[in-house]
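**Student:** Encoded as structure tokens, here's the structure I'll be asking about.
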Amino acid sequence: TWYRLMINKLKFLLTHLVQMKNIKDRLAKVKVGHRLDFFKMTYVVTEKCVDCKFTSCVSVCPVDAFHELPDRLYINPETCIDCNACMDECPVEAIYPDMDVPEDLQEWIELNEKADEFPLLVGQIDALKGPKCTDPNADL
């Protein structure tokens, strides 16, 4: 039975090594000047939302983290609780976890950090579906 004990210890060590690698990967993505609380993740609305402004994501947010601009939405990183509900609900796939925002969309992290400068949006409203909307029929 000593070998079972050794196997359990190895499983324990491997689990912790994987967790440490995940933390190391998250640390590597933290850029100078960005939030230092790397354990707190938030979600970021990106350019695919511009001129579409579908709000089904807002209706599933349990903490009212969305703010409305005339042509898009932002997520307030101080309010977001990292529940992932909005990302799954977005019909144009404009929402990313802050650590997974593609390189060409990194400026959207800082834009979303200004969310509290705009009116809070609670509940779903009609989509904008303007001329720059990437997929006006995404909600069908």
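**Student:** Those residues that are under 20 Å from Glu113 (Cβ atoms), of a type in the set (A, V, I, L, M) and surrounded by fewer than 21 Cβ atoms within 10 Å (Cβ to Cβ), I need them from the range 74-91; list them, please.
**Tutor:** So the first thing to find is which residues in the range 74-91 are under 20 Å from Glu113 (Cβ atoms), and the list is 74-84, 86-87, 90.
Restricting the remaining residues to those that are of a type in the set (A, V, I, L, M) gives 75, 81, 87.
Matches in the range 74-91: Ile81, Met87.
**Student:** How many of the residues in the range 98-133 are open to solvent by less than 30 Å² (accessible area, probe 1.4 Å), closer than 15 Å to Cys61 by Cβ and in contact with a strand residue (DSSP E or B) (Cβ under 7 Å, 6 or more places away or on another chain)?
**Tutor:** So the first thing to find is which residues in the range 98-133 are open to solvent by less than 30 Å² (accessible area, probe 1.4 Å), and the list is 98, 101, 105, 108-109, 112, 115, 121, 123, 130, 133.
Keeping just the survivors that are closer than 15 Å to Cys61 by Cβ gives 112, 115, 121, 123.
Those still in the list that are in contact with a strand residue (DSSP E or B) (Cβ under 7 Å, 6 or more places away or on another chain) too: 112, 115, 121.
Going through the range 98-133 one residue at a time, the tally reaches 3.
**Student:** On to the next question. Just the residues that are without any contact (Cβ under 8 Å) to a residue 60 or more places away in the chain and surrounded by fewer than 23 Cβ atoms within 10 Å (Cβ to Cβ), please, taken from the range 47-70. So that I can check it myself, show each step before the final result.
**Tutor:** Here is the first cut: in the range 47-70, the ones without any contact (Cβ under 8 Å) to a residue 60 or more places away in the chain are 49, 57, 60-70.
Within the range 47-70, Val60, Cys61, Pro62, Val63, Asp64, His67, Glu68, Leu69, Pro70 meet the criteria.
**Student:** Take the residues in the range 1-58 that are more than 28 Å from Asp104 (Cα to Cα) and of a type in the set (Ser, Thr, Tyr), then tell me which one is modelled with the highest pLDDT.
**Tutor:** Tyr3
**Student:** If you don't mind, there's one more thing I want to ask. May I ask you to say which residue of Asp100, Asp82 is modelled with pLDDT under 95 and over 18 Å from Lys48 (Cα atoms)? Don't jump to the end; show me each part of the working.
**Tutor:** Working: Asp100 fails: over 18 Å from Lys48 (Cα atoms).
Step by step, each of Asp100, Asp82 is checked, and only Asp82 is modelled with pLDDT under 95 and over 18 Å from Lys48 (Cα atoms).
The values are calculated or read from the model by the stated rules, or taken from the named source; none is laboratory data. Values in this document were obtained by computation on a predicted structure and should not be read as measured data. Using ideal geometry, Cβ is built from the backbone for each residue, glycine included, and neighbour counts are taken over all protein chains shown. Accessible surface is based on the protein model in full, side chains and every heavy atom, while ligands, DNA and RNA are left aside. Shrake-Rupley method; radii C 1.70, N 1.55, O 1.52, S 1.80 Å.
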